[in-house]
1. May I ask you to derive the FRET efficiency for residue 87 and residue 4 from their Cβ-Cβ distance with R0 = 30 Å, giving the value to the nearest 0.05?
2. Considering the convex hull of the alpha carbon atoms of the chain, report its projected area averaged over all viewing directions, in nm², one decimal.
3. Which shape class, rounded, prolate or oblate, goes with the range 18-67 when its Cα gyration tensor gives a ≥ b ≥ c as root eigenvalues, a/c under 1.5 marks rounded, and past that a/b bigger than b/c marks prolate?
4. How much length is gained on full extension from residue 15 to residue 67, taking 0.36 nm per residue of separation minus their Cα-Cα distance?
5. Suppose only helical runs count, i.e. DSSP H with n ≥ 4. What mean residue ellipticity at 222 nm does that imply for the chain under -39500 (n - 2.57) per run, divided by all residues and rounded to the nearest 500 deg cm²/dmol?
6. Using the Cα gyration tensor of the range 46-86, with a ≥ b ≥ c the square roots of its eigenvalues, what is the shape: rounded (a/c below 1.5), prolate (a/b larger than b/c) or oblate (neither)?
7. Any idea how far apart residue 37 and residue 78 come out in nm if each label point goes 7 Å out from Cα toward Cβ?
């Protein structure tokens, strides 16, 4: 069975759409669009910019609602994966 790249791309795009829709439902937000029209790159949600990897982590790790926005606004010195595992940056350096 030969699968064409266009078919694979369509499947990937559909999966990205499903993840994005689920993320928006969970977070009560809207996706403003993929930056540079690169689906699966970086998208804007309520004036916050998240990579697809951050969206995926938020859903697959069952992060609490709003955790990704708290990380974005207050803890971006560390990556979202580390934040979900409990890492924080000390304010007393």
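None of the figures in this text is laboratory data; all of them are computed from the coordinates on show. Computed from a predicted model, the values in this text were never measured in an experiment. So basically every Cβ, Gly included, is an ideal-geometry build from the backbone, and we count neighbours across all protein chains shown.
1. Once the sixth-power term is evaluated, E becomes 0.10.
2. Averaged projected hull area, Cα only: 7.6 nm².
3. Values: a/c = 1.87, a/b = 1.47, b/c = 1.27.
The shape class here is prolate.
4. 16.4 nm
5. That calculation yields -14500 deg cm²/dmol at 222 nm.
6. Cα axes put the range 46-86 in the rounded bin.
7. 3.9 nm
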